[in-house]
Amino acid sequence: MLKITDLHVAVDGGSKPVLKGLTLEVKPGEVHAIMGPNGSGKSTLSYVLAGRDGYAVTGGSVRFQDADLLELEPEERAAAGIFLAMQYPVEIPGVANNYFLRQSLNALRRARGEPEVSAAEFIKKLKAVAERVGVDPELLKRDVNAGFSGGEKKRNEILQMVMLEPKLCVLDETDSGLDIDALKTVADGVNSLRSPDRGMIVITHYQRLLDYIVPDFVHILADGRIRKTGGKELALALEEQGYEHLLGEAA
Amino acid sequence: MNAPARATRSRYVAPIPAFADAFTAARSSLPGKEAPAIQDWRQLHFDRFLETGLPTPRVEQWKYTNIARAANVPMALATRPNVGLGDVQRYFTGGPLARRLIFVNGHLASELSHVRGLPQGVRVESLGKLLQDEPEWSARALGGPAEPHSFADLNAAFLQSGAWIELGDGAVLEHPLQLLFLTVGQPAAVMAHPRIVVRLGKEARLHLIETHIGLAPGHCLTNLVGHYELGEKARLTHDRLQLGSAGTSFVGLNRQRLAERAELKQTLATLGGALVRNETDLHLVGSFVEAQLNGVYMPIGEEHVDNVIRIHHEAPDGHSDQFYKGVMDDRAHAAFAGKIIVHQDAQRTNAFQRNDNLLLSDDAEISSKPELEIYADDVKCSHGATCGELDRTALFYLRSRGLDRAQAESILTFAFAAEVIERFVDPAVRKLARECLVARTPGGAGLSDLL
């Protein structure tokens, strides 16, 4: 469903290359973990997939289903089924969480030619999902992420993800700032979305998350490229030996 | 006649003679007309107004507002058109138990008002009635002239109506008191001069709602004066909503004096009116005073909004916080000038000021001028002013959730201003303000679910 081929991306007005020939294919039903040291380009990859501006694609291609993903606006990518759970979710004071989520869900439905969801139907679903991903019902009425703790923000991202039912989930360091209980709840939410027709990219620093969201593939991203690919055991090896040792071996 | 006025005369222009004609015409019908005490009081202020004149933009505090646009036309006192309950009910705020004084073009509409059954120690009266019934007492209570102020003097000369609100020591009004000022435009240019006097005794508590609503367009200048005295540990919550209609202008001066441990929480939204100027002169007279001033303005078309604030920290351990936000569209112009003066004795003062602005059009304009004047050495003061466009990260966040750019921009613009609206204490005021905010937000029709 997602095919990234020899992707080159630069920041700072195109002067600073970050991704230098990244190739990755995600098929329906697969969970891919991407690990890598700071500055290796993990977050850049997630933003390029979601369509944030400020990233210049200088080479390569990204196909999502039948579309050239790079040609699409962020909202068109969302409608196509891409969801990025952000590392730093944005606070929007003045806009209630449940309002925002309903607008979002209906915008996606409209873009897909589906009927909008009724208020009653929406609230029923929202309550159920909130309970499943451990979001306090009070937070649904509060302004989007405003005054939320780090953990509450991350859970709110997962809440959005489960509500919007994307085809490809991209999770950017969703585990950072979470204690072990929160990590489990979040992982449960993510796992509930695992299905044969849905792909996932899980970006993380730590092997710990992958105990709960068990990946089919683990990739090590370093210096803008995938340097090593393996099964879930690669994450364990990485935890024991560190990037330098593993990548030294690869080189 | 008056030395300070003469010295600054070069910065003022003589008022058009029409003011004198209007004064001559009105004085025989204004409340207290038979009483020499009131007549003298009015004359004193009017003479000083003639002496001072109207400010030009060369006067520091009028730098950003050329008042000629609103005041340099012959205006008579506005008459009272017929306004029924059906016209005003939607502006009722404060809940079913709120007391209410309603003014139409500066005239008290007593048949629409309701201030009966007040608890012990609470006095709410029509100022017009006081001037008429108790002229000597009124003249003394309203006080002689402080420093010259063109519009405050004009207000005294033409004072028609308003509210006298007095709470004795320990008196509490549990439900809000709403002062609803309606402006109905008339074929000719007109003016109105209401006044609000609030005196809170020791530990008294009041939630005052002040709403200014334009019901029909037309050149009408409302010139309001507010005097607020808060005693020791008194608490005033003051929600102020300004929804003027096309052509209506508003000039207001609020003087507030806060005694020891008094608390003021004021929230002001300006969402309509050709020219609106709010001047605030706040004195923290006692120690440990808490004063919070929130404001939001959202001028569109060719509207002009000016907020001028002076906060005087005169005693130690005071805390003041100004939080003002503005959204300017089309060819609108807004100004914010906030000055904090910390006197030598006001040690351990905390004084903060923020003014954040959003420009939606290339032709819109904002002038923001923060000022600190500090004479004490142990103080914490800060100010910050920003002016910019919508936050790109937030825009991306919304679009990544499927909202298109226009929809995302609408939501963020609304949210930017709504942050202040949320600080209104009364839910009905908040709702009215949100409706007007949505109506003024580009693409706001798509935001109706927010209401």
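The values are calculated or read from the model by the stated rules, or taken from the named source; none is laboratory data. Note that this is a predicted model, so its numbers are computed, not measured. Note: ideal-geometry Cβ built from the backbone for every residue, glycine included; neighbour counts use all protein chains shown.
Points to keep in mind about this one:
- Any hit, region B:440-448, residues being part of a helix (DSSP H, G or I), more than 9 Å from chain A (Cβ to nearest Cβ) and of a type in the set (S, T, N, Q): yes
- Against the list (1) of a type in the set (Gly, Ala, Ser); (2) under 30 Å from B:Arg48 (Cβ atoms); (3) crowded, with 21+ Cβ neighbours inside 10 Å, the condition B:Ala204 fails is (2).
- Selection count, region A:113-135, where residues are within 22 Å of the chain's Cα centre (by Cα) and in a loop (DSSP other than H, G, I, E, B): 3
- Close Cβ contacts (under 8 Å, 6 or more residues apart or on different chains) running from residues in region B:385-406 that are more than 7 Å from every other protein chain (Cβ to nearest Cβ) and closer than 30 Å to B:Leu372 by Cα to residues that are of a type outside the set (Ser, Thr, Tyr) and assigned to a helix (DSSP H, G or I) comprise B:Leu390/B:Glu409; B:Leu390/B:Leu412; B:Leu390/B:Phe416; B:Asp391/B:Leu412.
- Unmet requirement for B:Ile411, which otherwise passes all of (1) part of a strand (DSSP E or B); (2) within 7 Å of another protein chain (Cβ to nearest Cβ): (1)
- Here A:Asp172 passes the criteria (1) in contact with a helix residue (DSSP H, G or I) (Cβ under 8 Å, 6 or more places away or on another chain); (2) more than 14 Å from every other protein chain (Cβ to nearest Cβ); (3) among the charged types (D, E, K, R) except the one numbered (2).
- Looking only at region B:414-430, and only at residues there that are part of a helix (DSSP H, G or I), modelled with pLDDT of 95 or more and surrounded by fewer than 22 Cβ atoms within 10 Å (Cβ to Cβ), the one that is farthest from the other protein chains (Cβ to nearest Cβ): B:Ala428
- Within region B:134-219, strands (runs of 3 or more DSSP E) holding 1 or more residues that are of a type in the set (Phe, Trp, Tyr) and in contact with a helix residue (DSSP H, G or I) (Cβ under 9 Å, 6 or more places away or on another chain): B:161-167
- Verdict on B:Glu435 being more than 7 Å from every other protein chain (Cβ to nearest Cβ), surrounded by fewer than 23 Cβ atoms within 10 Å (Cβ to Cβ) and more than 26 Å from A:Arg77 (Cα to Cα): yes
Quick grid of which residues meet (1) modelled with pLDDT of 95 or more; (2) among the hydrophobic types (A, V, I, L, M, F, W, C):
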{"position": "B:Thr65", "(1), (2)": "no, no"}
{"position": "B:Tyr91", "(1), (2)": "yes, no"}
{"position": "B:Val104", "(1), (2)": "yes, yes"}
{"position": "B:Gly117", "(1), (2)": "no, no"}
{"position": "B:Leu130", "(1), (2)": "yes, yes"}
{"position": "B:Ala141", "(1), (2)": "no, yes"}
{"position": "B:Pro148", "(1), (2)": "no, no"}
{"position": "B:Leu159", "(1), (2)": "yes, yes"}
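- Qualifying positions in region A:50-79 - closer than 25 Å to B:Asp391 by Cα and more than 10 Å from chain B (Cβ to nearest Cβ): A:Tyr55, A:Ala56, A:Val57, A:Leu69, A:Leu70, A:Glu71, A:Leu72
- Qualifying strands (runs of 3 or more DSSP E) (wholly inside region A:41-112; at least 2 residues being within 15 Å of A:Leu7 (Cα to Cα)): A:56-64
- Checking each residue in region A:80-95 for being facing chain B (nearest Cβ under 8 Å) and small (Gly, Ala, Ser) picks out only A:Gly94.
- Qualifying residue in region B:356-366 (condition: part of a strand (DSSP E or B) and within 14 Å of another protein chain (Cβ to nearest Cβ)): yes
- Test: residue in region B:342-349 that is under 23 Å from the mean Cα position of the chain (by Cα), surrounded by 16 or more Cβ atoms within 10 Å (Cβ to Cβ) and in a strand (DSSP E or B): no
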